[in-house]
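Enquirer: First, the structure itself, so that you have it in front of you.
Nothing in this text is a laboratory measurement; each read-out follows from the coordinates by a stated rule. Model, not experiment: these values are computed from the prediction. All Cβ positions, even for glycine, are placed from backbone atoms using ideal geometry, and neighbour counts span all protein chains on display.
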């Protein structure tokens, strides 16, 4: 008789051996995603931070003079939180939209498909790396603004900062994954960034109060998910917001569940990846 224990018997082809979460593989892919952008941190973390800080300087110099206030706070304090989370969202998208796309273009997509990782684990690692980059950019921008004279970014509601920061970063991470699945070349990803992400970011109330707009444009702004991210994140610093905080928090949760589910289904089917 065979003296080997039953657990040592090799499984039949196609039968999964790792029946629970593959924490080792998930951790390895997550670290790979983090190391990929951290190797060029001057470009992926510090450069976006400086660019965002320049936005603050330019707009406060051009529009923040003469004691201008918005929602009862100085103009610089009003736009600072929006700039922080806008930088976080744009970099979350940039990171996740690059992962699978570069694999398809360079022919290394097999490195994502062959390891014993489930679809959920693959999606979690890709989104986790993007959110990590967003958090690092957000912390760098916040620190620079905290040291900048005349700007006050003291947290008043940390839970709102954490929730809306994470929900916003995760939303753009899923959007980036969806883009990298669909895109076949870098021009496709750049088109989504330039014609979808950038306009929605700039037209979301970052530099102005939506309440000052005409009713028609207010309706358009309220249909923009970026508006709820920026408004809720701003509430964490100023205790003032253009939108209902609870509604925005639940809406972003629902959008993330929906977008994450779409990414999961497409990854599981291998749409435009395994062809």
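Enquirer: How many angstrom lie between the C-alpha centres of region 111-156 and region 24-81?
Expert: 11 Å
Enquirer: Give the peptides 228-241, 141-154 in descending order of average Cβ contacts within 10 Å, highest first.
Expert: Ranked from most to least packed, the peptides come out as 228-241, 141-154.
Enquirer: May I pose another question? Using mean Cβ contacts within 10 Å as the protection proxy, how do 183-193, 68-78 order, highest first?
Expert: Most protected by this proxy first, the peptides run 68-78, 183-193.
Enquirer: Another question, then. Based on alpha-carbon positions alone, could you give the equivalent ellipsoid semi-axes of region 88-187 from the gyration tensor, as √(5λ), descending, whole Å?
Expert: The three semi-axes for region 88-187 are 32, 14, 10 Å.
Enquirer: Among 171-179, 217-225, how do they line up from the highest to the lowest mean number of other beta-carbon atoms within 10 Å? Spell out each step's value before the answer.
Expert: Numbers: 171-179: 26.8, 217-225: 14.9.
Put in order of decreasing packing, that is 171-179, 217-225.
Enquirer: In the set [x] 59; [y] 67; [z] 55, which value of percent of Cα pairs over 22 Å apart was calculated from the structure you see?
Expert: [x]
Enquirer: What 222 nm value per residue comes from the helices of the chain, counting each DSSP H run with n ≥ 4 as -39,500 (n - 2.57) and dividing by all residues, nearest 500 deg cm²/dmol? Write down the numbers at each step before the final one.
Expert: Values: 11 runs with 182 residues, N = 275.
Per the formula, -22000 deg cm²/dmol.
Enquirer: Which of these, 129, 165, 248, has the largest mean-square fluctuation under a Gaussian network model of the chain (Cα springs below 10 Å)?
Expert: Its mean-square fluctuation being the largest, the pick is 248.
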